[in-house]
Structures are given as structure tokens and as C-alpha cells.
Amino acid sequence: MNTIIKKTEVNNIDLEVIKQASDILRDGGMVAFPTETVYGLGADALDEKASAKIYAAKGRPSDNPLIVHVADVKQLEPLVKDIPDNAVKLMDKFWPGPMTLIFEKSDIVPSGTTGGLQTVAIRMPNHPVALSLIKNSQVAIAAPSANTSGRPSPTTAQHVENDLSGKIDMIIDGGAVGIGIESTIVDVTVNPPMILRPGYITKKMLEDVVGDVEVDKAILGKMSPDAKPKAPGMKYKHYAPKADLTMFRGEKDAVVNHINNLVKEGIAEGKKIGIIASDETFSMYKEGNVISIGTRSDDDSIARNLYAVLRKFDDMNVDVIYSEIFEDDGLGQAIMNRMLKAAAYHVLQV
Ligand code: TXA
Ligand code: MG
């Protein structure tokens, strides 16, 4: 398959590009497009054959359901059995935005889109290109992150092209995304609502709107092999770079010294080594391939760079990656959730 790649500006959208993509979606094809979190791989959520193509292109396990993207609440209504009060409050505050809600699904949503579940995940993205595509096509767009299953999520059109070129009909290149980490998933079929995947919208932000919010226990800490997280995707090894990644916890100078020593040893053994530093420590690393993931004074910068840094180390073919650890509160919870998975929970105390 020849993948069409078309660029558009975000604030001056090329409607020809949107029209071409809309035709593909209405014909049951696949289009990758930017959202504010990560790039999504879209197809018609109500067409079981179309969503089946997404699983094949990504190599995604069939029990891992897709998120359905809508442009307004009118488009949501026919997809769900009811809209609980908590959902109304959260939608008012955070939509369009990086929050996905789980509802009881209506009969028109095929179980091929929901991985066989009776619930459906729905999100209204806050990105002009995504919203324009949904409105123009009038399609509720099922869209997982547009990466090959198991690889870091794509934050640029180039990342999508690297993974999926030749496997999908079209990529809309709207530049680098703003947030860089996937949406927070909140189950509103239960009371209190429960976070199934941490994301840009933090527990505290949700609690300010609806009071108590729980977190699915299965996703906290290292997951046991028989754990059943309520978001099926959370059980898969995910976000992983090709090289083994180890994180080091401890006082700043001690961590830097320890990593410098390991790098020296590794280089002596002929290994190519990647180091995930922060702006604060970047210049303290003496050898190895050092990349700063962002500044500790701004978690947003770390979220934005995270997946691109993991992909850069893949491109460089490093043998191992050593990383500093980051704060585990606020947005840091989502960052550490992704990094710990990328590291297969390999954390050493220095
Ligand atoms: O920010 C995002 O959410 C991005 C952009 C493209 O919107 N999408 C995204 O999709 O991250 P994906 O497929 O990579 O992750 C979807 C997650 C999976 O962990 C899946 O198991 C969970 O959502 N999920 C989907 N439907 C669900 C449902 N009915 N119940 C529980 N979890 C669900
Ligand atoms: Mg994903």
C-alpha cells in the first residue's frame, strides 16, 4: 500500500487535506492524524471491518480496545447507554482535552472496536486538525496511538511514518504534538470514578471537579503476571525502546557519579550506551550518548520529549540505556508510569 503523506498547518488548516482524509475514513480506510497528546491511527469506529484493519496495521492484540474520538457531545450520545453526572462534570471541565471516559456502550458500537467489552472509551481531542477531521468526515474515529504495538507512542508524523508507512492509507502531518503523553483514562461507570491510566489530567485535577477519585490498583507498581488491569492495554509491555533501560534512584550527584562509572565500564566492554539526563545534569555526564529529556522545573517538557528520546536511542542502536528517575507526583505520575514500563520496572537505588 502506498501511504499518502500530507502536511497541514494547525492554525490554517488545509481543507483539501482534510477532505481527502475524510473520504478515506468514510471508505473504511485508515488515516493517522495529530492530537494534542500523541498521533492517533484513525478508522471508522462503527465499521467493524475498518477497526479490524487498525489491529492488523499495529500488530495489536485483539483484546485491547480502541478509544473513539468525537467532536461534540451530540456525537457521543448515540454511542453510549447513559451519561452519568460525573461524566457531565468532567466533560464540561476537560473536553476537548486529554481525558478519555469509559461509558457503557450502546448497540451501535461494534464489539470489534471495544475488544469484546460492553464498555466504550471516548475522548474529545483538543487539536484543530483532529476536530476538523472528525467534523468533516462525520465519522466517530477509533484511534489508538499510531505506533507499532509495543513501541513508544508517536509524537511526530515522522515517528508514524517510521512504524506504519506502507501499512496505512494516509498520514496527516500537523507537526509535533503539544503534550506528548497519552490521555488520562477515567472509568465513570463506577462511583467514585476510577483512573485506569494516568495521563496529563492528574488525579488532583479530577478530584477538584468530582470529589474522590480512585486509581486502578493493578496499574500501581510492578504488575504481577496474572494482574487484570481494567484498561486491557496496561498489561502489555509497552513504550519500550529496543535497548534495556535501567533507572537510578538517589541523590543527584550520587546518581550521576554512579551512571558515569557504569558508562566507563560499559564503553571499556565495547558497549554503546545511552543516558537519559535532565537539563540540570546534562553537562555532568562525561561519556556516552547523553540526551536531556527536559527540565525538572517543568514536567511538561519531560512529557513532551519522553517518547522522542526513547525513539532516538532506538535509531542510534545503543546497547543499554541508563536514566535518572523523576518525581512521582502530579504529571510525574504519568511520566513515571510510562518510564517504568519502558524500563520493565528495573530501578536501582544508588
Ligand atoms: O491520548 C490518547 O488517549 C491517544 C490519542 C490518539 O487519543 N490514544 C491512545 O490510545 O493512547 P491507545 O489505543 O494507545 O490506548 C488506549 C487505552 C488502552 O490501554 C486500552 O486498553 C484502553 O485505552 N481502553 C480502551 N477502551 C477501553 C474500555 N472500554 N475499558 C477500559 N479500557 C479501555
Ligand atoms: Mg498506545
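The values are calculated or read from the model by the stated rules, or taken from the named source; none is laboratory data. Remember, it's a predicted structure, so these values are computed and weren't measured experimentally. Because the Cβ atoms are built from the backbone with ideal geometry, glycine has one as well, and the counts that use them run over all protein chains shown.
Residues that are surrounded by 14 or more Cβ atoms within 10 Å (Cβ to Cβ), of a type in the set (Lys, Arg), touching a residue at least 12 places away in the same chain (Cβ under 8 Å) and away from ligand 2 (no atom under 16 Å from the Cβ): does region 198-209 have at least one? Full working, then the answer.
Keep residues of region 198-209 that are surrounded by 14 or more Cβ atoms within 10 Å (Cβ to Cβ), which gives 198-203, 205-206, 209.
This time we only want the ones that are of a type in the set (Lys, Arg), so: 203.
Filter once more, so that each one left must be touching a residue at least 12 places away in the same chain (Cβ under 8 Å): 203.
Narrowing the set further to residues that are away from ligand 2 (no atom under 16 Å from the Cβ) leaves 203.
Looking for residues that are surrounded by 14 or more Cβ atoms within 10 Å (Cβ to Cβ), of a type in the set (Lys, Arg), touching a residue at least 12 places away in the same chain (Cβ under 8 Å) and away from ligand 2 (no atom under 16 Å from the Cβ), one finds at least one in region 198-209, hence yes.
Which one of the conditions (1) surrounded by fewer than 22 Cβ atoms within 10 Å (Cβ to Cβ); (2) under 30 Å from Met91 (Cα atoms); (3) outside the structural domain of Gly28 (by TED's automatic domain parsing); (4) not basic (Lys, Arg) does Gly250 fail to meet, given that it meets all the rest?
All conditions are met except number (2).
Sort out which residues of region 147-157 are buried (at least 22 other Cβ atoms within 10 Å of the Cβ), near ligand 2 (Cβ under 10 Å from one of its atoms) and over 9 Å from the mean Cα position of the chain (by Cα), and write them in order of number.
Asn147, Arg151
Only one of Pro225, Pro154, Pro193 is farther than 25 Å from His346 by Cβ and outside the structural domain of Ala343 (by TED's automatic domain parsing). Can you tell me which?
Within the list Pro225, Pro154, Pro193, the selection yields Pro193.
Just a yes or no: is a residue in region 55-78 under 29 Å from Ser301 (Cα atoms), part of a helix (DSSP H, G or I) and at pLDDT 95 or above?
Taking every residue of region 55-78 in turn, at least one turns out to be under 29 Å from Ser301 (Cα atoms), part of a helix (DSSP H, G or I) and at pLDDT 95 or above.
Within 16 Å of ligand 2 (Cβ to nearest atom) and not in a strand (DSSP E or B): which single residue out of Gly180, Gly112, Gly116 fits that description?
Gly180
Just to be sure before I move on: is Ser283 at pLDDT 95 or above and either away from ligand 1 (no atom under 16 Å from the Cβ) or under 19 Å from Ser145 (Cβ atoms) (or both) in the structure I sent?
Values: at pLDDT 95 or above: yes; either away from ligand 1 (no atom under 16 Å from the Cβ) or under 19 Å from Ser145 (Cβ atoms) (or both): yes.
When the stated conditions are applied, Ser283 passes them.
Being of a type outside the set (Val, Ile, Thr) and closer than 27 Å to Gly270 by Cβ narrows it down to one of Asp315, Asp328, Asp298, so name that one.
Criteria check complete, one pass: Asp315.
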